[in-house]
1. For Gly126, what residues show an amide H to amide H distance below 5 Å, using hydrogens built from the backbone and excluding near sequence neighbours?
2. If r is the Cβ-Cβ distance from Gln60 to Val191 and R0 is 22 Å, what FRET efficiency results, to the nearest 0.05?
3. Taking a 32 Å limit on the Cα-Cα distance, which of the listed pairs Lys22/Lys195; Lys145/Lys184; Lys16/Lys112; Lys22/Lys184; Lys103/Lys226 fall beyond it?
4. Would you look at the GNM of the chain, springs on alpha carbons closer than 10 Å, and say which of Glu141, Glu153, Glu71 moves the most?
5. Starting from 0.36 nm per residue, how many nanometres of slack lie between Ile3 and Asp204 once their C-alpha separation is accounted for?
6. Leu32: net charge of surrounding residues, Cβ under 11 Å, Lys/Arg +1, Asp/Glu -1, itself excluded?
7. Write out the GluC sites (Glu not before Pro) in the stretch 83-130 meeting two conditions: DSSP loop, and at most 15 other Cβ atoms within 10 Å of their Cβ.
8. Considering only protein heavy atoms and a probe of 1.4 Å, how much of the accessible area of the stretch 1-111 is carbon and sulfur, as a whole percent?
Amino acid sequence: MTIHIITIDGPSGSGKGTLAAKIAAHYHFNLLDSGALYRLLGLSLFQHGLLDRIDANLDQCVEYATHLDIEFKTTEAATLIFLEGVDVTNTIRTEQVGEYASKVATVPALRKALFARQRAFIQAPGLVADGRDMATSIFPEAQAKIYLTASAESRAERRVKQLQGMGLDAKISDILSNIQARDKRDMERTVAPLKPADDAYVIDSSTIGINEVFQLMVDYINSRIK
């Protein structure tokens, strides 16, 4: 039995998380939010005082990554995420924790530690994997590979609306600066840099809405998954 894999990669704020969830629901596939894993690891290392001392405590950090105490609880309304028994669903979506995740993602040993955990999400009937290097590093065998991007300015505007919707204060100038810095770090890292796979379908969502992007994705996926 073939287990279909769909990857959706792209920079922060491109809308890939929302669309990955919609695609997974549409096809009744499992969903991997790889960004959540990196955010959880970054938050864990910060809470244990290791985030700024990763190089000096690499073995200990790898141990945390390998045995990260996390739990995903799905309800009808949402998916709740717990770290060491504490609900961090909203916490891991903050800009600060996004910065933690970006730092963690530059460390090859930590990426390697999370590799097997991500591969374990391959289960019938299929998987939609959302992240930065799903097609290029984690699931190169995926039948459908999508790279979703958008201008930094449009992504900053969306991110501000998202944070405000969560009841958090957000300044677009700060968000734009963070996005640009994260893009640079993700694209220039030596291991699994952010880039489209050679055979990826690239969609720029800067000027088109979520419903149109969703339909483009479905049309492409249907052409790739028989």
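The values are calculated or read from the model by the stated rules, or taken from the named source; none is laboratory data. What you see is a predicted model, and the numbers here were worked out from it, not measured in a lab. Counting neighbours? That spans all protein chains shown, and the Cβs are built from the backbone with ideal geometry, glycine included. Keep in mind that these areas ignore ligands, DNA and RNA; they rest on the heavy atoms of the full protein, side chains included. Shrake-Rupley method; radii C 1.70, N 1.55, O 1.52, S 1.80 Å.
1. Asn30
2. Working: r = 20 Å, r/R0 = 0.91.
Given R0 = 22 Å and the Cβ-Cβ separation, E is 0.65.
3. On the way: Lys22/Lys195 23 Å; Lys145/Lys184 22 Å; Lys16/Lys112 23 Å; Lys22/Lys184 28 Å; Lys103/Lys226 39 Å.
Listed pairs above 32 Å: Lys103/Lys226.
4. Of Glu141, Glu153, Glu71, the Gaussian network model singles out Glu71 as fluctuating most.
5. On the way: separation 201, 0.36 × 201 = 72.36 nm, distance 2.78 nm.
Gain on extension, Ile3 to Asp204, equals 69.6 nm.
6. Numbers: positive: Arg117, Arg119; negative: Asp33, Asp130.
Neighbourhood net charge equals 0.
7. Details: sites: Glu84, Glu95, Glu99; in loops: Glu84.
In loop regions of the stretch 83-130 (DSSP not H, G, I, E or B), the sparsely surrounded GluC sites (Glu not before Pro) are Glu84.
8. Details: 2610 of 5080 Å².
The value for the stretch 1-111 is 51 percent carbon and sulfur by accessible area.
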